[in-house]
1. For the stretch 87-104, what does the Karplus curve 6.51 cos²θ - 1.76 cosθ + 1.60, with θ = phi - 60°, yield as ³J(HN,Hα) per residue in whole Hz, taken in order and with x for Gly and Pro?
2. Cross-link list K38/K86; K34/K75; K38/K70: which exceed 23 angstrom alpha carbon to alpha carbon?
3. Step through the residues of the stretch 63-77 one at a time and calculate ³J(HN,Hα) from phi using the Karplus curve (6.51 cos²θ - 1.76 cosθ + 1.60, θ = phi - 60°), rounding each to whole Hz and writing x for Gly and Pro.
4. Please list, in chain and number order, the residues 5+ apart from I59 or on another chain whose amide H is under 5 Å from its amide H, with Hs placed from the backbone.
5. Taking amide hydrogens as modeled 1.01 Å from N in the peptide plane, which residues meet the under 5 Å criterion relative to V95, leaving out close sequence neighbours?
6. Please rank M41, M49, fewest neighbouring Cβ atoms within 10 Å first, as an exposure proxy.
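Please treat every number below as a calculation from the coordinates, not as lab data. Remember, it's a predicted structure, so these values are computed and weren't measured experimentally. Please note: Cβ atoms are built from the backbone with ideal geometry, for glycine as well, and neighbour counts cover all protein chains shown.
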Amino acid sequence: MRPIIPAILAAALLSLVFHGACGGRAGDGSEMPKQDIKTVMEAHASELMAIEGVTAVAIGELDDGTPCIKVYVVKKTDDLVRRIPKKLGGHPVTVEESGVIRPMSGDGG
């Protein structure tokens with residue numbers, strides 16, 4: 001039985017290291033993106049759009065040109081910002097107020 005305990009501990013440690021290297025829902029900015037940003041956005045778009053107040057999800061850029069996932073919301077509130085992850089797949093996520101988005105009418109205006 002004694003050799004099993006180190007194996008279990010090693011497996012648990014590897015799991016923690018692997019999870020940390022892949023990034024969680026939010027991070028401190030130190031991890032590198034592991035997946036293509038479009039793939040990440042598409043994988044999370046449904047869950048983001050399910051949050052009440054979210055109007056759209058897109059790929060954009062930070063002021064320094066870094067690609068990011070933009071989450072547009074009707075009204076940017078502290079509660080809503082807390083519910084949206086700061087990072088997804090190692091990519092930064094920003095929240096921008098868009099107001100209500102309505103489809104254009106069929107007559108072009």
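1. 9, 9, x, x, 9, x, 10, 10, 10, 10, 7, 10, x, 6, 9, 10, x, 5
2. Beyond 23 Å: K34/K75.
3. Once θ is set to phi - 60°, the couplings for the stretch 63-77 become 4, 8, x, 5, x, 8, 9, 9, 10, 9, 10, 4, 9, 7, 10 Hz.
4. Correct list: K70.
5. Hits under the 5 Å cutoff: V71.
6. Details: M41 23, M49 12.
Arranged by neighbour count, lowest to highest, M41, M49 become M49, M41.
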